[in-house]
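Heads up, the thing below is written out as structure tokens.
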């Protein structure tokens, strides 16, 4: 699956390591993975990152931040939630342009009242005043940065970035191998700051090979969404040459599997697919996807699970039904082979 969520009752440090290694991340007291995101009705790829701590060097940026924040006191300890931290989080939340969690408690615990993670916190004080706080989960050989927030009055001190450095330095000091800061999103600059911290030791999870690679090897061929769209367009051109009309649609419910209450339903989760004339377009019967993980086209029979109020195909987004894959009808790495099969099937249909 391209999008999944688990809600374990317990999670030991070794299990956290294994999840992180496969591109999973914490969400409240659940843990999830996804490879695609939607911001303002635009689809993007999510590229998971990690830093190999033995090769992480602080560099000039860290030195500059250290001097800038030398007057502040640092504490690193087991995490807890207090009214002071909640108030600080609310101050931060009210100052940012993006939609943040309604409270620190909700961000860390969701609907639960207990913590399955081994969570630590970094606190920064100006005298006795708490001005910044960051949380991170610790496994056996790795850690994941969860959130950082600060008093907006101290914005000029770059405390968000400084907290990330403090987390990584602590993790390296205690002998951890990897620090996972989450994902970045090609084409969506909000997350680009993650590419500037520890870049010499930064790796990305290459979806096609399921391997971690140096970020210096990242290029457009490493962006799954671009590859999927290009491959489907290649097939569309072939179908057009055979006088078969087709459409490439973005799928509005690609992330339905991330809703904890729907976990295990295994809904269709490809972000883009191709439909062709004669394939019951409005209700959706057969679709074509390109899977970068096996580098194959797949012709899939789908069923509609729920009908929504959206018009089919509006703004190149299909959201009139929530879909579930029933059967893979045909798979091939050769677009000409699939185009020929579709042409033959449509001809047979006309003659019956």
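Among the residues of segment 142-160, those that are touching a helix residue (DSSP H, G or I) at 6+ places or on another chain (Cβ under 8 Å) and buried (at least 17 other Cβ atoms within 10 Å of the Cβ) comprise 142, 143, 144, 145, 146, 147, 148, 149, 150, 151, 157, 158.
Results for (1) surrounded by 13 or more Cβ atoms within 10 Å (Cβ to Cβ); (2) in the same structural domain as residue 309 (by TED's automatic domain parsing); (3) outside any strand (DSSP E or B); (4) out of contact with any strand residue (DSSP E or B) (no Cβ under 6 Å at 6 or more places or on another chain), shown as yes or no for each residue.
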| position | (1), (2), (3), (4) |
| --- | --- |
| 190 | no, no, yes, yes |
| 208 | yes, no, yes, yes |
| 213 | yes, no, no, no |
| 228 | yes, yes, yes, no |
| 248 | yes, yes, no, no |
| 265 | no, yes, yes, yes |
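Looking at segment 61-169, the strands (runs of 3 or more DSSP E) lying wholly inside it that each contain 3 or more residues that are farther than 29 Å from residue 189 by Cβ and modelled with pLDDT of 95 or more sit at 73-78, 119-126, 129-138.
Any residue that is within 30 Å of residue 248 (Cβ to Cβ) and assigned by TED's automatic domain parsing to the domain that holds residue 22 - is there at least one of those in segment 198-205?
Yes, segment 198-205 has at least one match.
Determine the pairs where a residue that is touching a residue at least 24 places away in the same chain (Cβ under 8 Å) and on the phi > 0 side of the Ramachandran plot, located within segment 31-46, has a partner that is part of a strand (DSSP E or B) and surrounded by 15 or more Cβ atoms within 10 Å (Cβ to Cβ) with Cβ atoms under 8 Å apart, the partner being 6 or more residues away or on another chain. The qualifying pairs are 41/317. Taking the numbered list (1) touching a strand residue (DSSP E or B) at 6+ places or on another chain (Cβ under 7 Å); (2) at pLDDT below 95; (3) surrounded by fewer than 21 Cβ atoms within 10 Å (Cβ to Cβ) in turn, residue 198 passes all entries but (3). Counting only residues that are over 14 Å from residue 254 (Cβ atoms) and part of a loop (DSSP other than H, G, I, E, B), segment 313-344 holds 4 of them.
The values are calculated or read from the model by the stated rules, or taken from the named source; none is laboratory data. If you're wondering where the values come from, they're calculated on a predicted model, not measured in any experiment. Every residue, glycine among them, receives a Cβ derived from its backbone with ideal geometry; neighbour counts consider all protein chains shown.
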